[in-house]
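Read through the structure below, which is laid out as structure tokens, and then see the notes.
The values are calculated or read from the model by the stated rules, or taken from the named source; none is laboratory data. Owing to the predicted nature of the structure, the values given are computational and were not obtained by experimental measurement. Ideal geometry is used to build each Cβ from the backbone, glycine not excepted, and the neighbour counts take in all protein chains shown. Heads up: the accessible areas ignore ligands, DNA and RNA and are worked out on the full protein's heavy atoms, side chains in. Shrake-Rupley method; radii C 1.70, N 1.55, O 1.52, S 1.80 Å.
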Amino acid sequence: QVQVVESGGGLVQAGGSLRLSCTASGNIFSINTMGWYRQAPGMQRELVAAVDFGGSTNYLDSVKGRFTISRDNAKNTTYLQMNSLKPEDTAVYLCNADIRRRFLGGLFTYWGQGTQVTVSS
């Protein structure tokens, strides 16, 4: 009943930029935290950036100063602006949202299907 849809991944050269978008839709009462994770081949999934309803953010140390997360509460959308990309940023990026559904209560985590980001050297 809740769908999370991502867009914006692709192939970019080192030093370039990409902007990822993620929109949640469906039976939504409110969204607490939205964020982005990534998983590279042979590596553990890691939190890249997250933003709560009030706009507080946190970032993976290696992306601080290069990536910026934001959200539009009216659109149930989060964005990840990625600048100065490095080959080590190559991974599948997954959107995550903690959502309260209408009439059901509780807080549940939903994931997008992932979008590939490839940074060439």
>> Springs between alpha-carbon pairs under 10 angstrom, Gaussian network model over the chain: which of Thr78, Thr33, Thr109 fluctuates most?
In response: Thr109
>> What do you get for chymotrypsin sites (Phe, Trp or Tyr not before Pro) in the range 21-121 restricted to DSSP loop and a cutoff of at most 12 other Cβ within 10 Å of the site's Cβ?
In response: Phe29, Phe103
>> Show me, bin by bin at 5 Å from 0, the whole-percent P(r) of the chain based on Cα pairs.
In response: 2, 12, 23, 24, 18, 11, 6, 3, 1, 0
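In whole percent, what relative contact order does the range 1-118 give with Cα contacts below 8 Å and a gap of six or more residues? Each step should come with its number before you reach the end.
Values: 283 pairs, mean separation 41.0, N = 118.
The value is 35 percent.
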> Counting other Cβ atoms within 10 Å of each Cβ, which trypsin sites (Lys or Arg not before Pro) in the range 66-117 have at most 14 and sit in a DSSP loop?
Replying inline: Arg102
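At 1.4 Å probe radius, can you tell me the per residue accessible area of the range 72-121 in Å²? Display every interim value, and only then the final one.
Details: 2630 Å² over 50 residues.
Here the residues of the range 72-121 average 53 Å² of exposed surface.
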